[in-house]
1. Helices (runs of 4 or more DSSP H) wholly in region 3-116 with at least 3 residues that are at pLDDT below 95 and open to solvent by 100 Å² or more (accessible area, probe 1.4 Å) - which ones?
2. Looking at region 59-73, is at least one residue touching a residue at least 24 places away in the same chain (Cβ under 8 Å) and not small (G, A, S)?
3. Of the numbered conditions (1) over 19 Å from F125 (Cβ atoms); (2) under 21 Å from the mean Cα position of the chain (by Cα), K99 fails exactly one; give the number of that condition.
4. Can you confirm whether W92 is of a type in the set (F, W, Y) and without any contact (Cβ under 8 Å) to a residue 40 or more places away in the chain?
5. What tally of residues in region 117-136 results from selecting those that are open to solvent by 60 Å² or more (accessible area, probe 1.4 Å) and either within 27 Å of the chain's Cα centre (by Cα) or among the hydroxyl-bearing types (S, T, Y) (or both)?
Amino acid sequence: MANFWWGSNENGSKIHWRAWNLLCKSKIDGGMGFRSFEQFNQALLAKQAWRLLEKPDSLLRNLLKSRYFPHNDFLHAPHGHSPSLTWQGIIWGRELLIKGFRWKIGEGRQIRAALDPWIPGQDTFTPIHFSGPADTMVSCLITDERV
């Protein structure tokens with residue numbers, strides 16, 4: 001990609017004026033706003049991992065389950081011995097998917113306030129500081145008025 005943007009001179013040697021990761025920064029941050037192909041690829045593979053979670057009756061999920069996680073669920077499936085490139089890619093996408101998981105509260109009876117990811121707007125979805133007991137459930141923080 002850099003060869004395309006920077007070209008060459010008559011000697012054939014090319015000068016790459018900026019590193020690719022700097023070009024992938026947004027224009028506001030001083031880059032050129034290019035997409036990182038690595039991040040884009042992982043996002044597409046995370047979409048495939050999401051489909052495996054959302055469509056438990058799909059042929060692909062049943063095939064992968066029989067080969068790689070017959071006794072587990074998809075989120076806890078091991079990498080396995082001699083995995084295919086397809087499975088390796090989906091596992092890599094699953095890593096990104098798991099980073100974005102957080103609980104949808106509802107009544108909050110099963111969600112530990114200090115340990116489980118549940119707070120929107122935080123990178124880790126967990127409290128920055130929690131002074132109560134670690135096993136406190138989110139339901140204890142919800143009033144009858146749901147405020």
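The values are calculated or read from the model by the stated rules, or taken from the named source; none is laboratory data. All figures in this text were calculated on a predicted structure; none of them were measured in a lab. Don't worry about glycine lacking a Cβ; one is built from the backbone with ideal geometry, like all the others, and counts go over all protein chains shown. Only protein heavy atoms, including side chains, enter the accessible area calculation; ligands, DNA and RNA are left aside. Shrake-Rupley method; radii C 1.70, N 1.55, O 1.52, S 1.80 Å.
1. Once the helices (runs of 4 or more DSSP H) in region 3-116 are filtered for at least 3 residues that are at pLDDT below 95 and open to solvent by 100 Å² or more (accessible area, probe 1.4 Å), what remains is 37-54.
2. The answer is yes, given that some residue of region 59-73 is touching a residue at least 24 places away in the same chain (Cβ under 8 Å) and not small (G, A, S).
3. Just one mismatch for K99, condition (1).
4. No; evaluated as a whole, the condition is false for this residue.
5. 10
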